[in-house]
Amino acid sequence: MTPDLLQADPDIAARTSVDAELAAGLDRLAADLDGPLLRPADDGWDTARQAWHLTVDQRPTAVVTALSVRDVATVVLAAAELGLRVAAQSTGHNAAPMGDLAGTILLRTSAMRSVHIDAEACLARVEAGALWMDVTDAAARHGLAALAGSARDVGVAGYTLGGGLSWLGRSHGLAASSVTAMEAVTADGRFRRVHAGQDPDLFWALRGGGGGFGIVTALEFRLYPVTDVYAGVLFFPIERAEEVLHAWRGWLPSVPDEVTSVGRLLRFPPLPELPPALRGQSYVVVEAACQLPPSLAAALLAPLRALGPSLDTFTTRPASELGLLHMDPDGPTPAHGDGMLLRALPPEAVTAFASGADGADALLSLELRHLGGALAPGRRPGGAVDGIDAAFALFAVGITPDAASAQAVRSAVDAVQRRMGPWSTGGAYLNFAERRRSGEELFGARTYQRLRQIKAAYDPADVIRSNHPVEP
């Protein structure tokens, strides 16, 4: 750009000056980091900015892959100085609600994956980039289990900050309630180890309130002496959906808190890597994990087995293998989904759920997770979210490789939520909310007000972003 043009247009000159200052500031930041900093013109940019949901087009100002707590603190302080914000991600699951990342440094914690198991104390200390497979495999070597997610490649930190629903949830509560301490860098660049006796408000907010209060660099949480679980899936032809789901719903009052189950409609794509029995096939399934002796679990399952499943995978398996039970796709995937919470599931709600109307065949999965037990609010006192005030959590998702399929999936998700609306609690579970929700929907008015106060105390300039933001 010529000097004459800059003189003729002060706005261009001002923008050019700002851009130059930002570029210089990012240069200084890059030189001060242990990990790499990438900008749009750099090799590897598209991979670095990629979310787990490949249809989410993240376009931040820069991407930093942190290798240390010092990197995290350096990025937070530099961002504030440069007028930027910071968004932390490990895997990038549920990134869509965050929206536009312009003016934001995307801080990847994925390289910080160390896991330490204190078997005697039944505790794990896990860095922010760890995946659940890192934790469950390490814990299993000591005869212990974590309240892990239903997919092995989900990041521990984001899952736990949003609450954390596991296969052991009805007996042990949300994962966030098992957290004993967190290590975080707050917006002032200060490293803090937070627990009930240190920064208790921040500790409360981080347990279920999301990641907008500080950049979590490590978590410490309780493990449980669970080695083997009687678990599996009953597959039935999808044409029997209403029959099977009514039977599953009728079976639930008989199950103790040691049993967590899911009723689900599955439509597998015709992918060659799938087993022949699943490839291109559609099923209604019942998935369950039973922390009971095999004989008792088998007796409990007898009414469902009496329906005559096409395939029965129930067996005694290591608790570390529960991350395979839900059959979630491995690795980044183009997909769109969303969830809702149901206060009840009467017969007419089961019929509505099982309906194949309104483009439901566009969905890969439509599921109902049985809640209650230790997942009920107050059963396992913890943080901002210590339980889910609902009987069932619904989640609908479809694969979206192109624009036409994306529209079909969005329409199908909308249709499911309309059909199930009469039984909605009006609230939402943060980790299943892949569209933007209000704070009141996610947390309730009183909890959200307290979260806002804590956000204002620790991050008044709103430097740290999360997928469901809490405004200071």
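Step by step: first the residues of the stretch 121-142, then only those that are among the small types (Gly, Ala, Ser) and in a helix (DSSP H, G or I), then the one that is most open to solvent (accessible area, probe 1.4 Å). Which residue is that? Per the criteria, the residue is ALA140. Could you tell me whether GLY149 is open to solvent by less than 20 Å² (accessible area, probe 1.4 Å) and either in contact with a Gly (Cβ under 6 Å, 6 or more places away or on another chain) or hydroxyl-bearing (Ser, Thr, Tyr) (or both)? In short, no.
Comparison of LEU345, LEU304, LEU368, LEU341 shows that the only residue that is part of a loop (DSSP other than H, G, I, E, B), open to solvent by less than 20 Å² (accessible area, probe 1.4 Å), in contact (Cβ under 8 Å) with a residue 60 or more places away in the chain and not β-branched (Val, Ile, Thr) is LEU345.
Residue check: GLY173 meets all listed conditions (1) open to solvent by 10 Å² or more (accessible area, probe 1.4 Å); (2) touching a residue at least 24 places away in the same chain (Cβ under 8 Å) but one, namely (1).
The condition of being at pLDDT 95 or above and β-branched (Val, Ile, Thr) holds for only one of THR400, THR351, that being THR351. Among the conditions (1) open to solvent by 50 Å² or more (accessible area, probe 1.4 Å); (2) part of a strand (DSSP E or B), GLU321 misses just one, which is (2).
Looking at GLY421, GLY426, just one residue is open to solvent by 40 Å² or more (accessible area, probe 1.4 Å), small (Gly, Ala, Ser), within 30 Å of THR351 (Cα to Cα) and modelled with pLDDT of 95 or more, and that residue is GLY426. What's the total number of residues in the stretch 398-413 that are part of a helix (DSSP H, G or I), of a type outside the set (A, V, I, L, M) and open to solvent by 60 Å² or more (accessible area, probe 1.4 Å)? Residues meeting the conditions: 2.
Of the residues PHE395, PHE443, the single one that is modelled with pLDDT of 95 or more, of a type in the set (Phe, Trp, Tyr), touching an Asp or Glu at 6+ places or on another chain (Cβ under 6 Å) and open to solvent by 10 Å² or more (accessible area, probe 1.4 Å) is PHE395. Considered as a group, the residues in the stretch 223-257 that are within 28 Å of the chain's Cα centre (by Cα) and among the aromatic types (Phe, Trp, Tyr) include one that is nearest to SER166 (Cα to Cα), and that residue is TYR224.
When you check GLY92 against the structure, is it open to solvent by less than 30 Å² (accessible area, probe 1.4 Å), in a loop (DSSP other than H, G, I, E, B) and more than 26 Å from CYS290 (Cα to Cα), yes or no? Yes; evaluated as a whole, the condition is true for this residue. Restricting attention to the stretch 259-286, the residues that are open to solvent by 10 Å² or more (accessible area, probe 1.4 Å) and either more than 23 Å from the chain's Cα centre (by Cα) or free of Cβ contacts under 8 Å to residues at least 40 places away in the same chain (or both) add up to 15. Sort through ALA218, ALA247, ALA187 and tell me the only one that's among the aliphatic types (A, V, I, L, M), open to solvent by less than 10 Å² (accessible area, probe 1.4 Å) and either touching a helix residue (DSSP H, G or I) at 6+ places or on another chain (Cβ under 7 Å) or more than 21 Å from GLU471 (Cα to Cα) (or both). So the residue among ALA218, ALA247, ALA187 that is among the aliphatic types (A, V, I, L, M), open to solvent by less than 10 Å² (accessible area, probe 1.4 Å) and either touching a helix residue (DSSP H, G or I) at 6+ places or on another chain (Cβ under 7 Å) or more than 21 Å from GLU471 (Cα to Cα) (or both) is ALA218.
Listed by position, the helices (runs of 4 or more DSSP H) enclosed by the stretch 148-216 that each have at least 1 residues that are among the basic types (Lys, Arg) are 169-172.
The values are calculated or read from the model by the stated rules, or taken from the named source; none is laboratory data. Please read all numbers here as calculations on a predicted model, not as lab measurements. Positions of Cβ are backbone-derived with ideal geometry, glycine not excepted, and every protein chain shown enters the neighbour counts. Note: accessible area is taken over every heavy atom of the protein model, side chains too, but ligands, DNA and RNA are not part of it. Shrake-Rupley method; radii C 1.70, N 1.55, O 1.52, S 1.80 Å.
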